[in-house]
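Reviewing the structure listed below.
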Amino acid sequence: AMCSDFMKPNTIHPDVLQSKALQSKALQSNAVEYEALADMRVERRFAEFVQTELLPFSGLDADQFWQGVSDLLQRFSPENRRLLGKRKSLQDEIDQWHQAHKNVLIDPHEYRQFLSDIGYLAPQGEPFKIDTQNIDPEIAKLAGPQLVVPVMNARFALNACNARWGSLYDALYGTDVIEPINTAVTGYDVERGNKVVDYGREFLDRTFPLAQGSFKNVTGFLVEQGQLIITLETGDKTQLAHSEQFKGVDALFAESKGQSGKILLANNGLHSEIVIDESTAVGQKDKAGISDIILESALTTIMDCEDSVAAVDAEDKILVYRNWLGLMAGTLEESVTKNGKTFTRKMQPDRHYMGSDGNALSLPGRSLLFVRNVGHLMTSSIILDNQGHEIPEGILDGIFTCLAAFPDIKPEAWQGNNTAICNSKARSIYIVKPKMHGPEEVAFSNALFEAIEQLLHLPENTLKMGIMDEERRTSVNLMECIRAAKSRVVFINTGFLDRTGDEIHTSMQAGPFAPKESIKAMPWINAYETSNVAAGLQCGLKGKAQIGKGMWAMPDNMAAMMKAKISQPQAGANTAWVPSPTAATLHAMHYHQVNVASMQDELINTAQVDLDTILQIPLLNQSTIQAANNPTNHPANQETALTAQAIQRELENNVQGILGYVVRWVEQGIGCSKVPDIHNTPLMEDRATLRISSQHIANWLHHDICTEEQVLSILAAMAKVVDQQNAGDAHYTPMSPNLDNSMAFQAAKALIFKGKEQPSGYTEPLLHAYRMAYKMR
């Protein structure tokens, strides 16, 4: 096998080359059916979707719309290409600088001056504050968890949308927050259930303290003259220590005089419900009849068209836009079979109460939704412009996700939507724009958003922008990036994985990088995280926008999440990503413990952007390099030594993760999933995790930390491991019996051995090519 063609590192699988040739030939011969619209050609199935599902009732004239699309493309496509060219020219200059300074300790002042001279570092302008208007409170005023889900999967999208409220009892009972989980118990575990109830009472005592006594001793609730009266076991009556935390009750509680129903409380802007229901097994045994505690959880959700989806053609993009349309219209439904029963999952309605002041009170029943468009890199053959060129996919997303949002922002013009379901009460469309490199690219997106507003006849600044701070040129110019969209910015967010992948690619020629776990412990990452918050606060994001933090990647390890993730609100971030609705409910407790607004007040005058530390490249130190080259000259217990065994383990870890993710992406079209790592620990994986792993191996290959033969051998061995991990999946095709014929294996190999030459180290070009080839095969 080591001698066969499939193990040659620098070849592309023939099916990929053939698919590219077939696709090109199909386009030229019109085998892919196109419809002439304005002076463009639009794939017929996509044109039909737009004409029958998006344009009707939008109030837009179809002919004018398509001509407007063509005009917009003629204006922005050339600039898109120019910006991508600038990325490459800057990278070429950085590569040349590092090659000229090879084996020389980098002088930070000289390096920073060089980056300024070539325009990588932008000049710092005068202080400013953003002036974004019409922002929903979930973004501007509140602090809480955020979900990110592939909008291509309707079930996931609905689960996330409905994760605005979650059962604390369910979240505790079903995870390792309360240990141990006794797998020997069949049915309901009474002992575990009692621990859940105790934990819930402790949460109530900590978050909504009583003026006297503890929730553990409460036997009943009643409302008198707008006050919550609480009866204790002693017969004494008490109230909340902070009476303003009581917000109201639902109609059932009022009708039953406290015998059943819901009590609404609030802390730090987040709501909680105490549910009283003695008809349930839990409520029946509870001295106060409490059957559950419901927490306001995922305040916001990003419906993702980017890293967590595998959308490569018109069929895929129609599904993406159709699901987003259903969310905006309130009509998205999905048939779900669970425990042998089939039911229809829908979007939850708003929640209604009688407020403590006697007036009706309503709260949103759903998470506020963003949509994440793709970046500037990829193009799409769904539309061919007046020159016959594929159009930038980011422009495609911008136009059609906004058009699909019309039922929400213009419900009066859209027939058939569920008018009881509203996303943005501020009538804004929230778009997260990822993978932008520096202020010039943010300015481009800002101008594009303005043009889309004009195309769709929307008020100025209807389209709001979330800036993902995940590329190095954005991190080091973050304040200028925010300035470039200062009337649209509603979100900035750090992303360690993509940021590290870009760091490796940008500094590929600087030297070998440290192992991934060591990179996490180096000073640059903390400087990056703290500087992101500092920049956001200095630019006036407090009270207007979200300052976010990244994902907890271990969805089955909630106990560790509860210990670690509180550091994010403590750092001044008013949102952070979680991997599931259950995790959102658990993470919500952190925002009850930490008043983020007060934390931001403390940080505004003290937090600083530390550019010098951010620019430190996380390379292996010289002693580690020497140890790798001459392991016998170093004692076995020397911690800095990168031994042959350590290199092997790092490669196995990276390769197994790459294969485990890519096989689902290429052969099943799954863009984000829970993938077991080499130790069988489930991890949330998407293209960001793939980018760092593939770039890391490419860097070690380039600097001779490992060899091609070594990586090829590990690829073959890890294919067998991944096959074993997926043995129970009926839709899975094993790689190892025929590596030569496995598209997924070939894709993983290409990502590693062609990683150095990929634009900015991105995985999309190769993944799309292999997925298209697989679908055509």
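Computed quantities for the displayed model
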quantity	calculated
Leu172 being touching a residue at least 24 places away in the same chain (Cβ under 8 Å), crowded, with 16+ Cβ neighbours inside 10 Å and not in a helix (DSSP H, G or I)	no
Among the residues listed as Glu441, Glu470, the single one being open to solvent by less than 10 Å² (accessible area, probe 1.4 Å), under 21 Å from the mean Cα position of the chain (by Cα) and modelled with pLDDT under 95	Glu470
Members of the stretch 511-539 found to be in contact with a Leu (Cβ under 7 Å, 6 or more places away or on another chain), among the aliphatic types (A, V, I, L, M) and under 25 Å from Gly657 (Cα atoms), listed by number	Ala514
Cys3, sole failed condition from (1) modelled with pLDDT of 85 or more; (2) open to solvent by 70 Å² or more (accessible area, probe 1.4 Å); (3) under 30 Å from Leu767 (Cα atoms)	(1)
Qualifying residues in the stretch 666-691 (those that are within 18 Å of Met772 (Cα to Cα) and not small (Gly, Ala, Ser)) - the one surrounded by the fewest Cβ atoms within 10 Å (Cβ to Cβ)	Gln668
Lone qualifier among Gly358, Gly365, Gly375 - being at positive phi and small (Gly, Ala, Ser)	Gly358
Long-range neighbours under 7 Å by Cβ, at least six apart or interchain, first residue under 13 Å from Leu332 (Cα atoms) within the stretch 416-428, second of a type in the set (Ser, Thr, Tyr) and in a loop (DSSP other than H, G, I, E, B)	Asn417/Thr331; Asn418/Thr331
Qualifying residue in the stretch 485-498 (condition: modelled with pLDDT of 95 or more, open to solvent by 20 Å² or more (accessible area, probe 1.4 Å), assigned to a loop (DSSP other than H, G, I, E, B) and under 22 Å from His437 (Cα atoms))	yes
Which listed residue is of a type in the set (S, T, N, Q), at pLDDT 95 or above and open to solvent by less than 30 Å² (accessible area, probe 1.4 Å), from Asn477, Asn417, Asn461	Asn477
Criterion: open to solvent by 30 Å² or more (accessible area, probe 1.4 Å), closer than 30 Å to Asp704 by Cβ and not in a helix (DSSP H, G or I) - qualifying residue of Gln608, Gln616	Gln616
Residues located in the stretch 562-605, provided they are surrounded by fewer than 18 Cβ atoms within 10 Å (Cβ to Cβ) and not in a helix (DSSP H, G or I)	Ile566, Asn595, Ile604, Asn605
Subset of the stretch 761-777 [open to solvent by less than 20 Å² (accessible area, probe 1.4 Å), more than 19 Å from Ala719 (Cβ to Cβ) and part of a helix (DSSP H, G or I)]	Gly761, Glu764, Ala769
Residue in the stretch 246-253 that is over 36 Å from the mean Cα position of the chain (by Cα), over 27 Å from Ala143 (Cβ atoms) and open to solvent by 20 Å² or more (accessible area, probe 1.4 Å) present	yes
Residue within the stretch 754-773 that is in contact (Cβ under 8 Å) with a residue 24 or more places away in the chain and closer than 16 Å to Val675 by Cα present	no
Residues of the stretch 101-145 that turn out to be of a type in the set (Asp, Glu), part of a helix (DSSP H, G or I) and more than 33 Å from the chain's Cα centre (by Cα), as a count	2
Members of the stretch 199-234 that are in a strand (DSSP E or B), touching a helix residue (DSSP H, G or I) at 6+ places or on another chain (Cβ under 8 Å) and surrounded by fewer than 14 Cβ atoms within 10 Å (Cβ to Cβ)	Gln227
Subset of the stretch 348-391 (residues that are farther than 21 Å from Val249 by Cα, in a strand (DSSP E or B) and open to solvent by less than 40 Å² (accessible area, probe 1.4 Å))	Leu368, Leu369, Phe370, Val371, Arg372, Ser380, Ser381, Ile382, Ile383, Leu384, Ile391
The stretch 41-67 - residue that is open to solvent by 70 Å² or more (accessible area, probe 1.4 Å) and in a helix (DSSP H, G or I) and, of those, farthest from His389 (Cα to Cα)	Thr52
Residue in the stretch 711-727 that is of a type in the set (Ser, Thr, Tyr), open to solvent by 10 Å² or more (accessible area, probe 1.4 Å) and either under 21 Å from Cys305 (Cα atoms) or touching a helix residue (DSSP H, G or I) at 6+ places or on another chain (Cβ under 8 Å) (or both) present	no
From the options Gly187, Gly193, residue that is part of a loop (DSSP other than H, G, I, E, B) and either touching a residue at least 40 places away in the same chain (Cβ under 8 Å) or over 33 Å from the mean Cα position of the chain (by Cα) (or both)	Gly187
From the options Arg164, Arg206, residue that is among the basic types (Lys, Arg), in contact with an Asp or Glu (Cβ under 8 Å, 6 or more places away or on another chain), at pLDDT 95 or above and closer than 30 Å to Leu368 by Cβ	Arg164
Close pairs from the stretch 556-573: first within 15 Å of Thr681 (Cβ to Cβ), partner in a helix (DSSP H, G or I), Cβ under 8 Å, at least 6 apart	Met558/Ala171; Met558/Thr582; Met558/Ala583; Met558/Leu586; Met561/Ala583; Met561/Leu586; Met561/His587
Residue, least open to solvent (accessible area, probe 1.4 Å), within the stretch 396-414, restricted to residues that are out of contact with any strand residue (DSSP E or B) (no Cβ under 9 Å at 6 or more places or on another chain) and charged (D, E, K, R)	Lys410
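Each row is one residue, and each column tells you yes or no for (1) modelled with pLDDT under 95; (2) in a loop (DSSP other than H, G, I, E, B); (3) buried (at least 22 other Cβ atoms within 10 Å of the Cβ).
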{"residue": "Leu264", "(1), (2), (3)": "no, no, yes"}
{"residue": "Ser272", "(1), (2), (3)": "no, no, yes"}
{"residue": "Val282", "(1), (2), (3)": "no, no, no"}
{"residue": "Thr301", "(1), (2), (3)": "no, no, yes"}
{"residue": "Glu306", "(1), (2), (3)": "no, yes, yes"}
{"residue": "Val309", "(1), (2), (3)": "no, yes, yes"}
{"residue": "Glu315", "(1), (2), (3)": "no, no, no"}
{"residue": "Asn323", "(1), (2), (3)": "no, no, yes"}
{"residue": "Met328", "(1), (2), (3)": "no, no, yes"}
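The values are calculated or read from the model by the stated rules, or taken from the named source; none is laboratory data. From a predicted model like this one, the values you see are computed outputs, not experimental measurements. All Cβ positions, even for glycine, are placed from backbone atoms using ideal geometry, and neighbour counts span all protein chains on display. Surface areas here come from the heavy atoms of the whole protein model, side chains and all, with no ligands, DNA or RNA. Shrake-Rupley method; radii C 1.70, N 1.55, O 1.52, S 1.80 Å.
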